[in-house]
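Here the structure comes first, spelled out in C-alpha cells, and everything after it is commentary.
The values are calculated or read from the model by the stated rules, or taken from the named source; none is laboratory data. Model, not experiment: these values are computed from the prediction. We place every Cβ from the backbone using ideal geometry, glycine too, and count neighbours over all the protein chains shown. Surface areas here come from the heavy atoms of the whole protein model, side chains and all, with no ligands, DNA or RNA. Shrake-Rupley method; radii C 1.70, N 1.55, O 1.52, S 1.80 Å.
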Amino acid sequence: MSDISRNGFGGSRPRTAHEALQPSAPPPPPKRSQHARHVIVVVLNFLITLMVLSVLAAFAAIYFGKLRFAEPGPLETTRTLVIREGSSVSRIAEQLKAANIIDSEWLFVAGVRASGAGADLKAGEYAFSPGMSMQDVMQTIRSGKGILYKITFPEGLTTYKIFERLRANEMLVGDLPKELPPEGSLMPDTYPFQRGTSRADILAQMQRQQQRALAEIWRKRIDGLPLKTPEELVILASIVEKETGRADERPRVASVFINRLNKKMRLQSDPTILYGLFGGEGRPPDRPIYRSDIDKH
C-alpha cells in the first residue's frame, strides 16, 4: 500500500523541480457583501461623487471667472457712456457690451453681484480707456467719478443773467425756481458738475458759497462803514464792480461812494440808474440813458 502511494497511484505525486519553481495561483478576491451591493449605498455613493464634482466645477468656474473679469477688455479707443438714473445692472451690462467696452454681459453681471456692488453703480457720464478690464469698468461706475463739465459765472452778472446761463446749459437738467433770488445772493465763480446735475443743485451751491464768503467778509470789515447789513455791502460791491472794469480802480471808486454815503449824498452812478430802469435784464443795446432818467434816479 505504501509502495502504491509512493508511486503516485494512491495519493499525491511528488512535484517536479520545474513545478516547484512556478508561482502559486493567487487566491480569488473576496465577494462583496450584500450591504455594499445595496441600492441605497450605490445611490449615496453616486450622489457624493456628483457633489464633489459639482464643488470642484464651481471652484473652477469662480477661479477662471475671476481671471477673465480682470483680463484686459476689447475696447481699442477711449469711449464715453452715459449711465441713466435707475439703470439696472443688466441694463448697464447691455450698454457696455453694445459699446464694445466689455465682451460678456453675463460675466459682468455675475462679477458685479459677486463683488456686492450691484447697488453701488452710479448714474453719470463716464470715460473708459482702451483695454479696461470688467473689474476696472465696474470700479469706475461704482466710484461715481464721471466726466466733469464746468459752468462759469463772471463777476457782475445779475441774478436774471445767471438764470439765463443756467437754463442755456444743456448738460444740466431740471427747472429753476420761478422767483429770482435776491441780487447778490449768488456767488460768481466756476462750478464743476457732471452731466445730469440739476440746475437747482448749482443754484444751491452758489447760494451756500455766497453766504460763507459774505459772513467772512462782514466779520473782517473795517469800522466806520456807512453800511448796516451784509446785503448792503454786497450792493455797494456790485455797484463798484459795474462802475469800473479795472481792478486797480475799484478801491478808489469804493472810497468815493463811501464818502458820498457818509454825507448822505446820491451815488450818481450809472449802474444804479440802469438797474432802477431795467432791473436784472439789463439795458437794451439800442436804448440810451436820457437826462430824465438821471434826474429821476
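At 1.4 Å probe radius, can you tell me the per residue accessible area of segment 102-199 in Å²?
Here the residues of segment 102-199 average 52 Å² of exposed surface.
With a sphere of radius 14 Å drawn around the Cβ of Glu71, what net charge do the other residues whose Cβ falls strictly inside it have (Lys, Arg +1; Asp, Glu -1)?
Result for the local shell: 0.
Rank by packing, highest mean first: peptides 190-197, 72-79, 217-224, with packing defined as the count of other Cβ atoms within 10 Å averaged across residues.
Result, highest mean first: 190-197, 72-79, 217-224.
Expressed as a whole percentage, what fraction of the accessible surface of segment 54-201 belongs to carbon and sulfur atoms when a 1.4 Å probe is rolled over the protein heavy atoms?
Within segment 54-201, the accessible surface is 53 percent carbon and sulfur.
Calculate I(q)/I(0) for segment 66-128 by the Debye formula, one identical point scatterer on each C-alpha and no solvent, and give its log10 at q = 0.18, 0.21, 0.26 Å⁻¹ to two decimals.
Ignoring solvent entirely, the Cα scatterers give -0.64, -0.88, -1.30.
By the gyration tensor of its Cα atoms, with a ≥ b ≥ c the square roots of the eigenvalues, what is the shape of segment 180-219: rounded for a/c under 1.5, prolate for a/b over b/c, or oblate?
Prolate is the answer for segment 180-219, as a/c is 1.5 or above and a/b outweighs b/c.
Stretch Tyr149-Leu56 to full length: gain in nm at 0.36 nm per residue minus the Cα-Cα span?
So the extension gain works out to 28.5 nm.
Let me check I've understood the local charge: for Lys145, count other residues with C-beta under 14 angstrom from its C-beta, Lys and Arg +1, Asp and Glu -1. What total comes out?
Once all neighbours under 14 Å are counted, the net charge is 0.
Please report the base-10 log of the normalised intensity I(q)/I(0) for segment 122-264, using a Debye sum with one equal scatterer per alpha carbon and no solvent, at each q in 0.09, 0.15 (1/Å).
The Debye formula, applied to the Cα set alone, gives -0.42, -0.85.
Compute the orientation-averaged projected area for segment 72-168 from the convex hull of its Cα atoms and round it to one decimal in nm².
In nm², the orientation-averaged hull projection of segment 72-168 is 7.6.
Using label points projected 7 Å from each Cα along Cα→Cβ, tell me how many nm separate Glu231 and Leu180, to one decimal.
1.5
So which lysines pass the test for Lys264, namely a Cα distance under 23 Å, with those fewer than 8 places away in the same chain ruled out?
Straight-line reach from Lys264, under 23 Å: Lys228, Lys242, Lys296.
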